[in-house]
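Here is the structure we will look at, set down as structure tokens.
The values are calculated or read from the model by the stated rules, or taken from the named source; none is laboratory data. Everything quoted here is computed from the prediction, not taken from an experiment. Reconstructed Cβ throughout: ideal geometry from the backbone, glycine too, with neighbour counts over all protein chains shown.
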Amino acid sequence: MVECLIYFESSWEKGKHYLLNPEKYSQLLFFSQLIEILCEKYEEIAEQLESRDPSIFIWLPSILIIKSFENEDKGICKDFNPNMYNENEESGILYSYLKNFKDNLYYTVKDSYKAYNLLEKLVLFDEEKYYLEMQNYLQKSLIDEFQKKIRILSMQMQRFNPTDYNYFFDLAINYIGE
């Protein structure tokens, strides 16, 4: 009985924080829908989420970072790592580099839809074919540096306010399909 009450209280607190606040609720809904879209687009992603593969903890925030380049992340990145937008902070320097990489890729590819999909696949998968496809447009050293920096920034995003981030992440991935 005590265990059930503790679980109920924990769930109530999460619900109060995310479901009663319209901005937080909008972010949660957006993030869970983004995850659903990725699952529909890529079968491997659905499998990784189902099994709670550790790689989801890197690529999910990375996808949000990519979305933030065009202000399409509903402010999630800013909430979980406001330092990303301060060029005097390490996170801001990384973010600036990543955004420049993205701009360079879009300029080189000349098709924003194709460029976005290349970037998305580069973040989501460790498969050689996506890496090689990206090399048709940019140098290997730039791609390697991008992958390294986006992983670091992804981890920094999770560490700025880890409790809040973990609640948000947990709610979003458990909301899928409900």
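Of all the residues in the range 68-78, those that are surrounded by fewer than 21 Cβ atoms within 10 Å (Cβ to Cβ) and within 12 Å of Leu98 (Cα to Cα) number 1. Restricting attention to the range 72-95, the residues that are over 16 Å from Glu120 (Cα atoms), free of Cβ contacts under 8 Å to residues at least 12 places away in the same chain and assigned to a loop (DSSP other than H, G, I, E, B) total 4.
I'd like to check something: does the range 125-140 contain any residue that is at pLDDT 90 or above, assigned to a helix (DSSP H, G or I) and not basic (Lys, Arg)? Within the range 125-140, not a single residue is at pLDDT 90 or above, assigned to a helix (DSSP H, G or I) and not basic (Lys, Arg). Note on the range 123-147: among residues that are surrounded by 12 or more Cβ atoms within 10 Å (Cβ to Cβ) and charged (D, E, K, R), the one that is nearest to Asp79 (Cα to Cα) is Glu145.
Go through the residues of the range 3-23 one by one and say whether even a single one is at pLDDT 90 or above and exposed (fewer than 11 other Cβ atoms within 10 Å of the Cβ).
First, the residues of the range 3-23 that are at pLDDT 90 or above: none.
Within the range 3-23, not a single residue is at pLDDT 90 or above and exposed (fewer than 11 other Cβ atoms within 10 Å of the Cβ).
Gln27 meets the stated requirement of being polar (S, T, N, Q), touching a Gly at 6+ places or on another chain (Cβ under 8 Å) and either part of a helix (DSSP H, G or I) or farther than 28 Å from Asn166 by Cβ (or both). Ser55 meets all of the listed conditions (1) over 17 Å from the mean Cα position of the chain (by Cα); (2) hydroxyl-bearing (Ser, Thr, Tyr); (3) over 18 Å from Glu145 (Cα atoms) but one, namely (1). Picking from residues in the range 79-112 that are surrounded by fewer than 16 Cβ atoms within 10 Å (Cβ to Cβ) and of a type in the set (D, E, K, R), the one that is nearest to Ile143 (Cα to Cα) is Asp103.
Sub-6 Å Cβ pairs linking a first residue in the range 109-124 that is under 19 Å from Ile45 (Cβ atoms) to a second residue that is of a type in the set (Val, Ile, Thr), at least 6 apart or interchain, are Leu119/Ile66, ordered by first then second residue. Of the residues Asn88, Asn117, the single one that is of a type in the set (S, T, N, Q), modelled with pLDDT under 95, farther than 28 Å from Lys129 by Cβ and out of contact with any Leu (no Cβ under 8 Å at 6 or more places or on another chain) is Asn88.
When you go through Glu36, Glu50, Glu43 one by one, which is the residue that is surrounded by fewer than 13 Cβ atoms within 10 Å (Cβ to Cβ), over 19 Å from Glu127 (Cα atoms) and of a type in the set (Asp, Glu)?
Glu50
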